[in-house]
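The values are calculated or read from the model by the stated rules, or taken from the named source; none is laboratory data. Since we're looking at a predicted model, the values are computed, not measured. Note that each Cβ is placed from the backbone with ideal geometry, even for glycine, and that neighbours are counted across all protein chains shown. Only protein heavy atoms, including side chains, enter the accessible area calculation; ligands, DNA and RNA are left aside. Shrake-Rupley method; radii C 1.70, N 1.55, O 1.52, S 1.80 Å.
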Amino acid sequence: MKKLQAPRGTQDVLPPYGRRRLEVLEIADEVLGRAGYEPIETPVFEDTEVFARGVGESTDIVQKEMFTFEDKAGRSLTLRPEATAGICRAYVEHGMHKLPQPVKVWYAGPFFRHEAPQAGRYRQFTQIDAEAIGSDDPSLDAELILLLAEIYERAGTGPAHLHLSSLGTPETRAGYIEELTAFLRAREGELSEEVRARLGQNPLRAFDADDPGTQAVMAEAPRLIDRISAEDAEHFEEVRALLDSAGIAYEIDSTLVRGLDYYTRTVFEFVSERLGAQAALGGGGRYDGLVEELGGPPTPGVGFAAGIERMLLAAGQVDADRGIDVFVAGSGRDAFVLVGQLRQSGLRAQMEQAGRSLKGQLKQADRLGARWTVILGDAIEVKDMDTGNQQRAGSVDEVLGMVGG
Ligand code: HAM
């Protein structure tokens, strides 16, 4: 029979790595929870319009990467490629602007993008996402950056460079794009063929070009960060001052554009040296027009998302086996009852469930990293797996006393 496989670009999470992922979620819950971010959940699929309007029609995500399908009534639905648009849809739908602001939420779950799979890039991946909606206070931008850095540190992802910029407003950005396009047109002859072909669509991409001629032109090109309004520049100054006061290092990267259309003002990305081509550990920014775009009142917001798979790739393999407290060598009802009592007293306990010989059971206890093995025979013997000492127990209570239950 044909062997069945997980779909291309998806991954099975097998033990013991499932535990590592849980640990990362626990870290996120603790770090974000202390700062007032509460768990939220939104559906895995949404009306396609949520992403078309939210993420932006012109982005690669919406144009090429969405898993879109029709339901039985012919409505267009899409597996969410990211969390922010869905969370803002929920914010509007549930009138959350009436709550005390900002509304701070966080979330982890699966996301879907039809990208070419490679190390660190999958078609189903997992993000930790945090959002603060309803205030444009620069302390929220800085707070989210610091919380993300703390999550990385506690998860052991190793050093990551923080890239930071400000995109201003859609209006100042449009003016800048016009200026940049005119600048590039005037020096078209010096640009690579590829950049020239895409000039009309997205001239910002020219900043990422590898071609030396294009790079020489781009070194002299006008920068968006010098064209943002005085108000936005002041906001950015304050975000920087707060980050400076927290002692976190960052690099102003005026070519940082990010792949989503909703960003305004602050944008940031953490880039890891430990990852290959897919080096972005996570990122985010401010989206002061998104809630309104989705039908709500004008409402600022800021957030981040971090890919769990990339975090674990950067952290490297860590032994996730934690061993057990007690292995009960013995099967049948007595063993079943004893293992239940051990678990109820808070111990990690397992019993023989595959018909092994006594020798095989002791080997299994070793493999599981058991601290104690209880051998049920004519009498009850308790073996200390560290010292090898074996002692007789007269009753179940005595067993519990010996193994610390
Ligand atoms: P993003 O930069 O598109 O931002 O994704 C955030 C992170 O998700 C990336 O840095 C990466 O770690 C992970 N990621 C993205 N695509 C893949 C993939 N195909 N395979 C594996 N990991 C991936 C957002 O999604 C925004 N919603 C972030 C945000 C929240 N902005 C404001 N609030």
Restricting the stretch 246-271 to residues that are more than 10 Å from the ligand (Cβ to nearest atom) and over 24 Å from L180 (Cα atoms), the one least open to solvent (accessible area, probe 1.4 Å) turns out to be I248
Just to be sure before I move on: is T214 open to solvent by less than 10 Å² (accessible area, probe 1.4 Å), touching a residue at least 12 places away in the same chain (Cβ under 8 Å) and within 16 Å of the ligand (Cβ to nearest atom) in the structure I sent? no
Looking at the stretch 368-398, which of its residues are in a loop (DSSP other than H, G, I, E, B) and open to solvent by 90 Å² or more (accessible area, probe 1.4 Å)? D378, D386, N389
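Would you please name the residue that is nearest to the ligand (Cβ to nearest atom), looking only at residues in the stretch 272-330 that are small (G, A, S) and within 30 Å of R343 (Cα to Cα)? Step through it out loud before you land on a result.
First pass over the stretch 272-330, keeping only residues small (G, A, S): 272, 276-277, 279-280, 282-285, 289, 295-296, 301, 303, 305-307, 314-316, 320, 323, 329-330.
From what is left, the residues that are within 30 Å of R343 (Cα to Cα) are 320, 323, 329-330.
Working: A320: 20, G323: 31, A329: 44, G330: 46 Å.
Here the residue is A320.
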I'm trying to understand the selection: among the residues of the stretch 227-245, which are open to solvent by less than 60 Å² (accessible area, probe 1.4 Å), out of contact with any Leu (no Cβ under 9 Å at 6 or more places or on another chain) and either among the β-branched types (V, I, T) or touching a residue at least 24 places away in the same chain (Cβ under 8 Å) (or both)? S229, A233, H235
By residue number, the members of the stretch 147-197 that are open to solvent by 60 Å² or more (accessible area, probe 1.4 Å) and under 30 Å from S272 (Cβ atoms) are E153, R154, P159, H161, E194
Considering each of A349, A320, A365 in turn, give the residue that is farther than 30 Å from H97 by Cα, modelled with pLDDT under 95 and open to solvent by less than 20 Å² (accessible area, probe 1.4 Å). A320
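Given E131, E115, E143, which one is near the ligand (Cβ under 9 Å from one of its atoms) and open to solvent by 30 Å² or more (accessible area, probe 1.4 Å)?
When all the criteria are applied, what remains is E115.
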Do the conditions hold for Y122, that is, is it open to solvent by 20 Å² or more (accessible area, probe 1.4 Å), at pLDDT 95 or above and of a type in the set (F, W, Y)? yes
Given (1) more than 28 Å from the chain's Cα centre (by Cα); (2) modelled with pLDDT under 95; (3) not in a helix (DSSP H, G or I), number of the condition G401 does not satisfy: (3)
